[in-house]
Amino acid sequence: MTQAFELSKKKLFLFDIDGTIAVGNTLYEGSAELLDHIDRIGGRSYFITNNSTKSGADYVKKFRESYHLETGEEQFVTSGYMTLRFLLRHYADRTIYCMGTHSFIDELRRHGLSITEKYQPDISCVVVAYDSELNYEKLCETSRVLETMAVPFYATNPDLRCPIDFGFIPDCGAMCNLLTATTDKVPTYLGKPSRKVVELCLSLSGFTKEETLVVGDRLYTDIACGINAGVDSCVLFTGEAKKEDLQETPYKPTYQFETVLDLYKALI
C-alpha cells in the first residue's frame with residue numbers, strides 16, 4: 001500500500017530504453033500503456049539512454065517506425081547528448097580525438113566541434129563512445145593517443161553490455177575496459193550514472209525531485225543515476241539486473257518490479 005501511494009505522486013518518469021521498455025525493435029508489453037498513463041495524468045516522460053549511437057532525431061524515427069509511438073526529439077537525453085554538451089562547454093575551440101560511430105562523430109561536427117579520428121599533436125582530449133563500427137585499427141589508434149599524450153580521457157557511458165534480441169553485446173564500458181587494460185588510463189564517464197542527466201530533465205520539465213522516478217534495468221548506471229541525483233528509482237528485471245543482484249549491490253532501488261507492465265499496474 002505504501003509503495004503504490006508513493007508511486008501515485010510521480011509525474012516525471014525518466015526511462016532507460018534497451019532492456020527496460022523495449023529490446024531491439026520489440027516494445028515490451030505495458031510500455032505504451034504506461035506512457036499513455038503518464039500523459040493522461042499531466043506527467044512527462046524522458047528517455048535517458050546511454051546508447052550514444054543514435055541522436056534524438058534517430059530515436060524519434062525509431063519510436064515511430066518500430067514501436068508506433070509519437071515522441072519529441074527533446075524527450076531523448078542520450079549519453080551522446082550529454083557528452084556533446086560537455087564538450088561544447090569545455091573544448092569548443094580545441095581538437096578532440098573521438099572513437100565512435102560515424103553518426104556520433106558527424107553529430108559532434110555538426111555542432112562545430114573539431115573532431116579527429118587520427119593521432120595529431122594538438123589533441124586536447126580523448127572521447128570514446130559505444131562504437132558499433134569498432135575495429136582493431138580504431139583500438140590501436142586510440143591506444144596510441146592515450147599512451148603517448150597526457151590528455152583527459154572521457155567516455156559516454158560505463159555500461160559493460162547492451163541488451164539485444166539474443167542476449168547482450170559489448171557496450172562502451174567493455175570497450176573502455178579493454179583500453180584501460182592496454183594503457184592504464186581510466187575514463188571519466190559523462191552519461192549515466194552522472195546526476196547531471198537527471199538535473200537536466202528536471203530543469204527541462206519543471207517537476208520536483210519528489211515527483212521524479214528513474215526507471216531502468218541496470219543497477220550501476222540507471223539506479224545509481226537516480227541515487228546520485230537524490231530521486232527515487234525503480235529497477236525492472238527485464239534486462240541486465242537480476243533479483244539476486246540486489247543482495248550485494250550498493251545501488252539499492254526504491255522500487256522493484258518484474259516488468260514494465262507490473263510497474264504500470266502499480267500506478268493505475
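The values are calculated or read from the model by the stated rules, or taken from the named source; none is laboratory data. Here the structure is a predicted model, which means the values were calculated and not measured. All Cβ positions, glycine included, derive from the backbone under ideal geometry; neighbour counts span all protein chains shown.
If you scan the stretch 227-264, which residues turn out to be in a helix (DSSP H, G or I), in contact (Cβ under 8 Å) with a residue 40 or more places away in the chain and in contact with a helix residue (DSSP H, G or I) (Cβ under 9 Å, 6 or more places away or on another chain)?
At the first step, the residues of the stretch 227-264 found to be in a helix (DSSP H, G or I) are 227-229, 243-247, 260-264.
Checking the rest, the ones that are also in contact (Cβ under 8 Å) with a residue 40 or more places away in the chain come to 260-264.
The answer is V260, L261, L263, Y264.
So how many residues does the stretch 132-166 have that are touching a residue at least 24 places away in the same chain (Cβ under 8 Å), of a type in the set (A, V, I, L, M, F, W, C) and under 23 Å from L219 (Cβ atoms)? It would help to see each step written out before you state the result.
To start, the set of residues in the stretch 132-166 that are touching a residue at least 24 places away in the same chain (Cβ under 8 Å) comprises 132-134, 138-139, 141-149, 151-159, 161-165.
Keeping just the survivors that are of a type in the set (A, V, I, L, M, F, W, C) gives 134, 139, 145-146, 149, 151, 153, 155, 162, 164.
Keeping just the survivors that are under 23 Å from L219 (Cβ atoms) gives 155, 162, 164.
Number satisfying all stated conditions: 3.
Determine, yes or no, whether E211 is out of contact with any strand residue (DSSP E or B) (no Cβ under 7 Å at 6 or more places or on another chain) and among the charged types (D, E, K, R).
no
Of these, V186, V198, which one is touching a Cys at 6+ places or on another chain (Cβ under 9 Å) and either in a helix (DSSP H, G or I) or buried (at least 23 other Cβ atoms within 10 Å of the Cβ) (or both)?
Values: V186 fails: either in a helix (DSSP H, G or I) or buried (at least 23 other Cβ atoms within 10 Å of the Cβ) (or both).
Testing whether each residue is touching a Cys at 6+ places or on another chain (Cβ under 9 Å) and either in a helix (DSSP H, G or I) or buried (at least 23 other Cβ atoms within 10 Å of the Cβ) (or both) leaves just V198.
Anything in the stretch 136-147 that is hydroxyl-bearing (S, T, Y) and within 22 Å of H90 (Cβ to Cβ)? List them, or say none. Talk me through it step by step, then tell me what you get.
Pass one, the stretch 136-147, residues hydroxyl-bearing (S, T, Y): 136, 142-143.
Of everything in the stretch 136-147, just one residue is hydroxyl-bearing (S, T, Y) and within 22 Å of H90 (Cβ to Cβ), namely T142.
Do the conditions hold for V145, that is, is it hydrophobic (A, V, I, L, M, F, W, C), more than 22 Å from the chain's Cα centre (by Cα) and outside the structural domain of F207 (by TED's automatic domain parsing)?
Numbers: hydrophobic (A, V, I, L, M, F, W, C): yes; more than 22 Å from the chain's Cα centre (by Cα): yes; outside the structural domain of F207 (by TED's automatic domain parsing): yes.
Yes: the conditions hold for V145.
Limited to the stretch 31-42, what total is found for residues that are crowded, with 19+ Cβ neighbours inside 10 Å and touching a helix residue (DSSP H, G or I) at 6+ places or on another chain (Cβ under 8 Å)?
2
Any residue in the stretch 39-50 that is at pLDDT 95 or above, among the polar types (S, T, N, Q), out of contact with any Phe, Trp or Tyr (no Cβ under 7 Å at 6 or more places or on another chain) and not in a loop (DSSP other than H, G, I, E, B)?
Among the residues of the stretch 39-50, not one is at pLDDT 95 or above, among the polar types (S, T, N, Q), out of contact with any Phe, Trp or Tyr (no Cβ under 7 Å at 6 or more places or on another chain) and not in a loop (DSSP other than H, G, I, E, B), which makes the answer no.
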